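Everything on this sheet refers to the single structure shown next.
Each value in this text was obtained by applying a stated rule to the coordinates, not by laboratory testing. Since the model is a prediction, treat every value here as computed from it, not as a measurement. Here the Cβ positions follow ideal geometry from the backbone for every residue, glycine too, while neighbour counts run over all protein chains shown.
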Amino acid sequence: MLNIVLFGPPGAGKGTQSEKLINKYGLVHISTGDLFRAHIKNQTELGQRVNALIAEGQLVPDQITIDMLEEEVSKNPGAKGFIFDGFPRTVAQAEALDTFLESKGTRIAGVIALDVDQDELTRRIAQRQLETGRVDDQADKLQKRIEEYFNKTIHVLPFYEGQGKLSKVNGIGSIENIFADLCAVIDRY
Ligand code: ADP
């Protein structure tokens, strides 16, 4: 199996690149943000539990997120592999993912961090807020998400670096150029 973590701050382009990567490599895309938003839209019990947290830009508690992710992986038993987008966002999630994949006889092939500076991120998210109206893209909520990223999520990088699995790709440039850089990394796995 080819399991890849696409990593980066809010607005780095993980969703856009994931869509292209799943088409090229025949993988299943799992975005925890998209899954949570679907639960909220469908007003499931989980959706009702996480709605306020997400609207405020806070992370959902680890165990809720891990359970949802494991269920989603298990729904795709024949998958050639997965692109994890927006997960893991904490070291506890990264550890849980390792344990879970090992129990399935597989592992993370590599983690690719999309590198984008703060000014560009702010610009992209302001644009997305206009297009999609996502409440957590509003300036004050976005500030909370950036804090969560620097307090909790950034520590996932040294975790994978320690495993020798981390690569960085410049996330500024044309979608096609960034995609080509990602493919060059993946083709070495
Ligand atoms: P972004 O556009 O910032 O990458 P996502 O769409 O991936 O955001 O996620 C939106 C929100 O969903 C996050 O701000 C957080 O509240 C929640 N969320 C998504 N993934 C996780 C996770 N792995 N752990 C905790 N909360 C998560």
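Structure data summary
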read-out: Residue among N3, N42 that alone is polar (S, T, N, Q), away from the ligand (no atom under 13 Å from the Cβ) and buried (at least 16 other Cβ atoms within 10 Å of the Cβ); value: N3
read-out: Criterion violated by I125 - all others in (1) within 13 Å of the ligand (Cβ to nearest atom); (2) out of contact with any Pro (no Cβ under 9 Å at 6 or more places or on another chain); (3) hydrophobic (A, V, I, L, M, F, W, C) satisfied; value: (2)
read-out: Lone unmet requirement of (1) assigned to a loop (DSSP other than H, G, I, E, B); (2) farther than 24 Å from G162 by Cβ for I40; value: (1)
read-out: Enumeration of residues in the stretch 52-91 that are part of a loop (DSSP other than H, G, I, E, B) and over 20 Å from K20 (Cβ atoms); value: E56, G57, Q58, L59, V60, P61, K75, P77, G78, P88, R89, T90
read-out: Residues satisfying the stated conditions in the stretch 101-125, i.e. free of Cβ contacts under 8 Å to residues at least 24 places away in the same chain, closer than 26 Å to I178 by Cβ and acidic (D, E); value: D119
read-out: Matching entry among L142, L130 (being within 24 Å of L53 (Cα to Cα), more than 14 Å from the ligand (Cβ to nearest atom) and assigned to a helix (DSSP H, G or I)); value: L130
read-out: Per-region count, the stretch 93-123, residues out of contact with any strand residue (DSSP E or B) (no Cβ under 7 Å at 6 or more places or on another chain) and surrounded by fewer than 17 Cβ atoms within 10 Å (Cβ to Cβ); value: 16
read-out: Pair list, Cβ < 7 Å and 6+ apart or interchain, from the stretch 10-28 residues that are in contact (Cβ under 8 Å) with a residue 24 or more places away in the chain to residues that are of a type in the set (S, T, Y); value: P10/Y149; G15/S31; S18/S31
read-out: Single condition I112 does not satisfy, out of (1) under 16 Å from G15 (Cβ atoms); (2) part of a helix (DSSP H, G or I); (3) under 15 Å from the mean Cα position of the chain (by Cα); value: (2)
read-out: G33 vs. criteria assigned to a helix (DSSP H, G or I), within 15 Å of the ligand (Cβ to nearest atom), under 21 Å from Q143 (Cβ atoms) and of a type outside the set (D, E); value: yes
read-out: Filter pass, D137 being surrounded by 15 or more Cβ atoms within 10 Å (Cβ to Cβ), of a type outside the set (S, T, Y), closer than 30 Å to E56 by Cβ and in contact (Cβ under 8 Å) with a residue 12 or more places away in the chain; value: yes
read-out: Inter-residue pairs, beta-carbon under 7 Å, first in contact (Cβ under 8 Å) with a residue 60 or more places away in the chain and in the stretch 81-100, second among the basic types (K, R) and within 13 Å of the ligand (Cβ to nearest atom), 6+ apart; value: D85/K14; G86/K14; R89/K152; T90/K152
